[in-house]
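Each reported figure results from applying straightforward, stated rules to the coordinates on display, with no laboratory input. This one's a predicted model, so the numbers in the text were calculated from it and none came from an experiment. Counting neighbours? That spans all protein chains shown, and the Cβs are built from the backbone with ideal geometry, glycine included.
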Amino acid sequence: MRAMSPWLSSVHSWWLALVGAVLFILTGESRPVLGEISSPTLTSVDQTQEEEIVVKIRLRQFEPPSVTLQRGRKIKLVFQNLDSELHAFVPTNLFVGVNLNVSGNGAPEFTDKGFTRVIIPPDGRAEIRFVPEQLGTFQYLCDMPGHDMKGAIVVQERSDR
Ligand SMILES: [Cu+2]
């Protein structure tokens, strides 16, 4: 037998699940075969779904001051500036070697070390999409002159597996 491509093999297992469901319906086997079928489906949906976490910036403070992300899970981290002045999100180490996407109406800055900060206008927002890979606590700050603003991003092991 020929080796199956990953795509074919996922179609293959999906097909097996479908056959299982049909057999269940036809034979009326007692306990929920459906539960066994739906759990792999949920897992695959979960892997593509991103989690959204919003940090509000109000009165020169990050709210909440600490957020927790799960390693390996797609995240959309949103900074929402509710003040009438500029703020910046300046990460330390969290994004070293990490692919990310910055959207919103902020002004992101990149150097040869990667993403270094994003300046967020009054009533503006910055959205950072990435997959955290490194465990730990990562401090961040706002480096606007006179602003003493700090926050933390905690990356922990996924709890759902
Ligand atoms: Cu600030």
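A few comments on the model shown:
- Formal net charge of residues neighbouring Thr68 (Cβ-Cβ distance under 12 Å; K, R +1; D, E -1): +1
- The overall shape of the range 51-156 is prolate: from the C-alpha gyration tensor, with semi-axes ordered a ≥ b ≥ c, the ratio a/c is 1.5 or greater and a/b exceeds b/c.
- Full-stretch length increase - Leu135, Asp123 - with 0.36 nm per residue and alpha-carbon distance subtracted: 1.2 nm
- All other residues whose Cβ lies under 12 angstrom from that of Val90 are scored, Lys and Arg at +1 and Asp and Glu at -1, for a net of 0.
- Using 0.36 nm per residue and subtracting the Cα-Cα separation, the extra length available between Lys150 and Asn93 on full extension is 19.1 nm.
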